[in-house]
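Q: Have a look at this one before I ask anything.
The values are calculated or read from the model by the stated rules, or taken from the named source; none is laboratory data. In this text the structure is predicted, and so the values were computed from the model without any measurement. Don't worry about glycine lacking a Cβ; one is built from the backbone with ideal geometry, like all the others, and counts go over all protein chains shown. Just the protein is used for accessible areas: all its heavy atoms, side chains included, with ligands, DNA and RNA removed. Shrake-Rupley method; radii C 1.70, N 1.55, O 1.52, S 1.80 Å.
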Amino acid sequence: MKKIKLIWKLMKGNRLIYLASILSIALATFFSILIPLVTKTIIDSIIGNGSSSSSNIINSMIEYCGGREFLSNNLWICSLLIVLLTALNGLFLYLKGRFSSKAAESTAMNTREKLFNHIQRLPYDYHVKASTGDLIQRCTSDVETIRSFLAVQFVEIGRAIFMVTLVSIIMFSLNVKLALVAMTAVPIIFTFAFIFFKKVQKIFLQCDESEGRLSSVIQENLTGIRVVRAFAMQKFEMDKFNKKNREFKNLVYKLIKLLALYWSISDALCLLQIGAILLYGSVLSSKGIISLGTLVVFTTYEGMLLWPVRQMGRILTDMGKSFVAATRIFEILDEPTEIMIENSLQPKISGEIEFKNLSFEYEEGKPVLRNLTFKVKKGQTVAILGPTGSGKTTLINLLLRLYDYKKGSIKIDGIELKEIDRKWIRQNVGIASQEPFLFSKTIEDNVKLGSEKASIYDVHEACKIASIHDNIQEFEKGYETMVGEKGVTLSGGQKQRLTIARTVITDYPILIFDDSLSAVDAETDASIRSALRKRSKNVTTFIISHRISTIRRADLILVLEKGKISQMGTHKKLVNQDGLYKRVWEIQNSFEKEIEEDTNESAS
Ligand SMILES: Nc1ncnc2c1ncn2[C@@H]1O[C@H](COP(=O)(O)OP(=O)(O)OP(=O)(O)O)[C@@H](O)[C@H]1O
């Protein structure tokens, strides 16, 4: 019941249309059930002479239409009635299909929209932990399962219920004994179908999983095609693919064999049931207990009844799939979104930042940042250096309010960061992150993401700062060049520079370069830095880098080790202090000297 409620919730806004579909299937069933009754009347009361055994209603209807003789001489009137009933059945079946598809399609569309919007508002931490593939599956195939359940299966359940109820009432009112014989197979076929599909569902699931594995092999191969070629892994990859391909084929074949067995057994059961009615009905008819028309009604109804009952087993097991899908969808929708504090502040930010005794842990008992205290004045450049895993990105994540701290304080222009609106913060802090990500747009549009108001001149300026302008000019379509989701037409360094351009085009008071400058060569790095220095007079800049030449001019250098600030000061101060900074500087210095010597030697 709880699970039906979930689907009911998803149907909000489309429930009335769905009700219209259920009403249409009820009417279609009603008209289809009338057809055998009309046939019976024709056989018993019009062609035959059974008017005495017919009910008063039928007798008066016959009289109303001109009497038995008139109708038997004009049988086309009866045929017309059958055609009319068939047409009405068809019309309501069409309306059922139309309404249920409309309701199901809109429910699916609304659900996808709700999911996508909700996912956009989920906290960053959720995305870090969630599997992208799983989220995509929930937004696409789980929604599709619900759509097909609503469009087809649920109305079929309605049809089966109406059919069984109406047909039983009529059968029992015509002859109780024959009705009992006619109904014996119904629970047997239903139970057989239900048990069969319950068991076979496991194989359906195995087929789905196997298909998923097959797609993963293809996806992995296509994504890593360069590595596959470079390491001559084609044979290995083909073997892997063939194995999964065969596994999938074998499972589907097994499923088809089982389904064939099911349909033939269930066909045999249905035919046996119809045979039993014919046998017992003929005996009753020959004794004059039932009319020939009644026997025709029973055999026709049996055919109409057994089909939905046979389907029911499949539908009920499939229903389980829809409930699982609905539960999976609500697992996302019930996930709390980023907390937006009402009346949170949106102050004008100039860029003065103060960390005081700031500590942070993702998981309890595992501190990642410990007791950080430092102050940055507006317009200053802060550099952070530290071994991998020392907490540099975490510090930036806190600054962007991707996570909230519990111990200590971070103040921006004297205001506690936690009190400032998250969206506002992100509109004031620009970041060029470690992993460059470009959208499927032109280069110009990608850069403009940083500032919608920017003119093409601004875009060029930003690209010049990021030392990518000349490269772009060389492209056939220049700034109009499309870059794919993964920027396939660009090299890693070019992508990185574009993200830098996207960051510097902003007029944000705080900019962060999270290891993005290290990805470009030393020369480009130097020119970007000098351009930034000229431009960012009033911009507070954070630079995370392992390259001393990138950070040596910073106003403040923080050395992070195991979440603690182990050293802090200017380059001049830190190179004269024993510690990590001096060691890194010495290594990089001697390395650079070696390269210089090698270059000089090869030149002379
Ligand atoms: N979402 C998370 N949940 C739990 N632990 C995390 C999470 N993100 C990072 N960590 C852990 O926090 C520590 C600091 O990670 P962080 O990414 O801040 O390091 P970093 O100094 O930026 O490293 P790198 O130079 O490799 O990018 C690491 O031990 C990491 O495993």
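Q: Give me the pairs, please: first residue somewhere in the stretch 378-390 and closer than 10 Å to Leu560 by Cα and hydroxyl-bearing (Ser, Thr, Tyr), second residue anywhere and open to solvent by less than 10 Å² (accessible area, probe 1.4 Å) and near the ligand (Cβ under 10 Å from one of its atoms), beta-carbon distance under 8 Å, and either six or more positions apart or on two chains.
A: Ser390/Leu560; Ser390/Gly563
Q: Picking from Lys244, Lys240, Lys254, which residue would you name as being in a helix (DSSP H, G or I) and open to solvent by 70 Å² or more (accessible area, probe 1.4 Å)? Give the steps one after another, and end with the answer.
A: Values: Lys244 fails: open to solvent by 70 Å² or more (accessible area, probe 1.4 Å); Lys240 fails: open to solvent by 70 Å² or more (accessible area, probe 1.4 Å).
Of Lys244, Lys240, Lys254, the one residue that is in a helix (DSSP H, G or I) and open to solvent by 70 Å² or more (accessible area, probe 1.4 Å) is Lys254.
Q: Going through the stretch 341-373 one residue at a time, which ones are away from the ligand (no atom under 16 Å from the Cβ) and either closer than 18 Å to Thr394 by Cα or in contact with a helix residue (DSSP H, G or I) (Cβ under 7 Å, 6 or more places away or on another chain) (or both)? Please lay out each step first, then the result.
A: Residues of the stretch 341-373 that are away from the ligand (no atom under 16 Å from the Cβ), as a first pass: 341-354, 356-357, 373.
Hits for the stretch 341-373 are Ser344, Leu345, Gln346, Ile353, Glu354, Lys356, Asn357, Thr373.
Q: Output the number of residues of the stretch 382-403 satisfying the condition of being touching a helix residue (DSSP H, G or I) at 6+ places or on another chain (Cβ under 7 Å), over 20 Å from Lys129 (Cα atoms) and more than 7 Å from the ligand (Cβ to nearest atom).
A: 3
Q: Checking the structure you have, find out if any residue of the stretch 520-538 is under 28 Å from Glu361 (Cα atoms) and open to solvent by less than 20 Å² (accessible area, probe 1.4 Å). It would help to see each step written out before you state the result.
A: Looking only at the stretch 520-538, we keep the residues that are under 28 Å from Glu361 (Cα atoms), and these are none.
No, the stretch 520-538 contains no residue that is under 28 Å from Glu361 (Cα atoms) and open to solvent by less than 20 Å² (accessible area, probe 1.4 Å).
Q: How many residues are touching a Phe, Trp or Tyr at 6+ places or on another chain (Cβ under 8 Å) and among the hydroxyl-bearing types (Ser, Thr, Tyr) when one looks only at the stretch 540-571?
A: 2
Q: Among the residues of the stretch 469-489, is any closer than 21 Å to Phe513 by Cα and more than 36 Å from the chain's Cα centre (by Cα)? Step through it out loud before you land on a result.
A: Going residue by residue through the stretch 469-489, those that are closer than 21 Å to Phe513 by Cα are 469, 486-487.
Filter again for more than 36 Å from the chain's Cα centre (by Cα), leaving 469.
Checked the stretch 469-489: at least one residue is closer than 21 Å to Phe513 by Cα and more than 36 Å from the chain's Cα centre (by Cα).
Q: While we're looking at this one, here's another question. From the list Leu81, Leu115, which one is more than 30 Å from Glu338 (Cβ to Cβ) and in contact (Cβ under 8 Å) with a residue 12 or more places away in the chain?
A: Working: Leu115 fails: more than 30 Å from Glu338 (Cβ to Cβ).
The match here is Leu81.
Q: Exactly one of these conditions fails for Ser467: (1) open to solvent by less than 40 Å² (accessible area, probe 1.4 Å); (2) within 16 Å of the ligand (Cβ to nearest atom); (3) not in a strand (DSSP E or B). Give me its number.
A: Going through (1) open to solvent by less than 40 Å² (accessible area, probe 1.4 Å); (2) within 16 Å of the ligand (Cβ to nearest atom); (3) not in a strand (DSSP E or B) one by one, Ser467 breaks only (2).
Q: Restricted to the stretch 59-99, and to residues that are hydrophobic (A, V, I, L, M, F, W, C) and open to solvent by 80 Å² or more (accessible area, probe 1.4 Å), which residue is modelled with the highest pLDDT?
A: Pass one, the stretch 59-99, residues hydrophobic (A, V, I, L, M, F, W, C): 61-62, 65, 70-71, 75-78, 80-85, 87-88, 91-93, 95, 99.
From the residues that got through so far, the ones that are open to solvent by 80 Å² or more (accessible area, probe 1.4 Å) too are 61, 70, 76, 80, 83-84, 91.
On the way: Met61: 69, Phe70: 72, Trp76: 81, Leu80: 85, Val83: 92, Leu84: 92, Leu91: 96.
That would be Leu91.
Q: Quick check on Asp507: is it within 16 Å of the ligand (Cβ to nearest atom), out of contact with any Asp or Glu (no Cβ under 8 Å at 6 or more places or on another chain) and among the acidic types (Asp, Glu)? Quick ask: steps written out before the conclusion?
A: Details: within 16 Å of the ligand (Cβ to nearest atom): no; out of contact with any Asp or Glu (no Cβ under 8 Å at 6 or more places or on another chain): yes; among the acidic types (Asp, Glu): yes.
No: the conditions fail for Asp507.
Q: Give me the residue from the stretch 290-309 that is open to solvent by 20 Å² or more (accessible area, probe 1.4 Å) and under 25 Å from Val152 (Cβ atoms) and, out of that set, modelled with the highest pLDDT.
A: Among residues in the stretch 290-309 that are open to solvent by 20 Å² or more (accessible area, probe 1.4 Å) and under 25 Å from Val152 (Cβ atoms), the one modelled with the highest pLDDT is Thr300.
Q: Hey, could you check the stretch 322-359 for residues that are part of a helix (DSSP H, G or I) and open to solvent by 70 Å² or more (accessible area, probe 1.4 Å) and say which is nearest to Gly414 (Cα to Cα)? Can you show your working first?
A: First, the residues of the stretch 322-359 that are part of a helix (DSSP H, G or I): 322-333.
With the extra rule that they be open to solvent by 70 Å² or more (accessible area, probe 1.4 Å), the set shrinks to 324, 331.
Details: Val324: 50, Glu331: 39 Å.
Only one residue tops the list, namely Glu331.
Q: So for the stretch 167-188 (the condition being under 15 Å from Ile7 (Cα atoms), in a helix (DSSP H, G or I) and open to solvent by 20 Å² or more (accessible area, probe 1.4 Å)), does at least one residue qualify?
A: Within the stretch 167-188, the subset under 15 Å from Ile7 (Cα atoms) is none.
No, because not a single residue in the stretch 167-188 is under 15 Å from Ile7 (Cα atoms), in a helix (DSSP H, G or I) and open to solvent by 20 Å² or more (accessible area, probe 1.4 Å).
Q: Could you tell me which of the residues Gly408, Gly430, Gly379 is open to solvent by less than 60 Å² (accessible area, probe 1.4 Å), in a strand (DSSP E or B), away from the ligand (no atom under 15 Å from the Cβ) and at positive phi?
A: Numbers: Gly430 fails: at positive phi; Gly379 fails: in a strand (DSSP E or B).
None of the others qualify; the one that does is Gly408.
Q: Same structure, new question: Mind listing whichever residues of the stretch 126-151 are aliphatic (A, V, I, L, M) and surrounded by 16 or more Cβ atoms within 10 Å (Cβ to Cβ)?
A: Taking the stretch 126-151 and keeping what is aliphatic (A, V, I, L, M), we get 128, 130, 135-136, 143, 146, 150-151.
If the condition is that a residue be aliphatic (A, V, I, L, M) and surrounded by 16 or more Cβ atoms within 10 Å (Cβ to Cβ), then Leu135, Val143, Ile146, Leu150, Ala151 are the ones that fit.
Q: Let me ask something additional. What are the residues in the stretch 1-31 that are touching a Leu at 6+ places or on another chain (Cβ under 8 Å) and open to solvent by less than 40 Å² (accessible area, probe 1.4 Å), if any?
A: Narrowing the stretch 1-31 to residues touching a Leu at 6+ places or on another chain (Cβ under 8 Å): 7, 11, 18, 20-21, 24-25, 27-31.
Correct list: Ile7, Met11, Tyr18, Ala20, Ser21, Ser24, Ile25, Ala28, Thr29, Phe31.
Q: Filter the stretch 445-457 for residues that are touching a residue at least 24 places away in the same chain (Cβ under 8 Å) and open to solvent by 30 Å² or more (accessible area, probe 1.4 Å) and give the result.
A: Of the residues in the stretch 445-457, the ones touching a residue at least 24 places away in the same chain (Cβ under 8 Å) are 446-451, 454.
Matches in the stretch 445-457: Lys448, Leu449.
Q: Now, a different point. Regarding the stretch 110-125, can at least one residue be identified that is within 16 Å of the ligand (Cβ to nearest atom), part of a helix (DSSP H, G or I) and surrounded by fewer than 19 Cβ atoms within 10 Å (Cβ to Cβ)?
A: Filtering the stretch 110-125 down to residues within 16 Å of the ligand (Cβ to nearest atom) leaves 122-125.
Imposing the further condition that a residue be part of a helix (DSSP H, G or I) reduces the set to 124-125.
Then keep just the ones that are surrounded by fewer than 19 Cβ atoms within 10 Å (Cβ to Cβ); that gives 124-125.
Looking for residues that are within 16 Å of the ligand (Cβ to nearest atom), part of a helix (DSSP H, G or I) and surrounded by fewer than 19 Cβ atoms within 10 Å (Cβ to Cβ), one finds at least one in the stretch 110-125, hence yes.
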